[in-house]
Every structure is written in structure tokens, then in C-alpha cells.
Amino acid sequence: MQAHHGYEDGSGRFYITIDSQRCNGCEACVAVCPAQVLVMIEEDPMEQVLVAAVSDEHRRKIKESCAPCKPTGHDSPTLPCVAACESVAIQHSW
């Protein structure tokens with residue numbers, strides 16, 4: 001299941017999408033995020049499986065929180081959290 005964490009306003013759509021079926025719970029994305037935007041949560045407490053998510057603190061300010069890592073221009077490197085995710089479970093919308 002894909003979870004969309006973020007918001008939409010007059011300047012655009014700012015979401016981090018995490019595919020919980022692809023997330024393997026490795027925590028690599030959490031470790032490389034300098035703003036501590038990502039956290040591990042139990043998606044289904046019955047299964048006790050951890051998946052990545054955007055913290056409640058950063059959900060409404062994701063554009064600003066991710067700004068230091070966001071590439072500028074078309075030839076910029078991949079975001080650290082996306083690059084760290086070997087299971088390709090993380091995407092940014094902007």
C-alpha cells in the first residue's frame with residue numbers, strides 16, 4: 001500500500017510516498033535523513049512489521065524540511081533517502 005505523507009497548497013503538491021509493500025524495514029532512509037523527517041512505525045500492530053513514514057512533526061512542512069537535500073536543476077543527484085532505499089519504496093512528488 002502506498003502512503004502519501006505531506007500536503008498541497010497554492011505553490012504545489014509536496015508529498016513523500018512510501019510503498020509499505022516494498023519497504024523492508026531496514027531503516028537506511030531514517031539514518032541518512034539530516035532533518036529526521038523519516039521515522040519507523042508499525043503499519044499493522046498485529047504483524048509487528050516496521051515501515052518508514054514521515055514524522056507528524058514534519059508532515060505539514062515537508063517542503064521546508066526536505067529543502068536541504070532537494071536537488072536543484074535537472075542533473076542533480078538523487079535524494080539521500082531515495083538513494084538509501086534499496087527496495088525502491090520512497091518517492092518525492094516535487
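Go through the stretch 36-51 and give me each residue that's exposed (fewer than 15 other Cβ atoms within 10 Å of the Cβ) and closer than 21 Å to LEU79 by Cα. Listed by number, the list holds a single entry, GLN36.
Conditions (1) farther than 16 Å from ALA3 by Cα; (2) among the charged types (D, E, K, R), marked per residue:
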{"position": "TYR15", "(1), (2)": "no, no"}
{"position": "CYS23", "(1), (2)": "no, no"}
{"position": "CYS29", "(1), (2)": "no, no"}
{"position": "GLU43", "(1), (2)": "no, yes"}
{"position": "GLU57", "(1), (2)": "yes, yes"}
{"position": "PRO68", "(1), (2)": "yes, no"}
{"position": "LEU79", "(1), (2)": "yes, no"}
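When the residues of the stretch 1-35 are filtered to those that are among the hydrophobic types (A, V, I, L, M, F, W, C) and assigned to a loop (DSSP other than H, G, I, E, B), the one that is surrounded by the fewest Cβ atoms within 10 Å (Cβ to Cβ) is MET1.
Every number in this text was worked out from the coordinates using simple rules, so none of it is lab data. Everything numeric in this text was worked out from a predicted model, so none of it was measured. Reconstructed Cβ throughout: ideal geometry from the backbone, glycine too, with neighbour counts over all protein chains shown.
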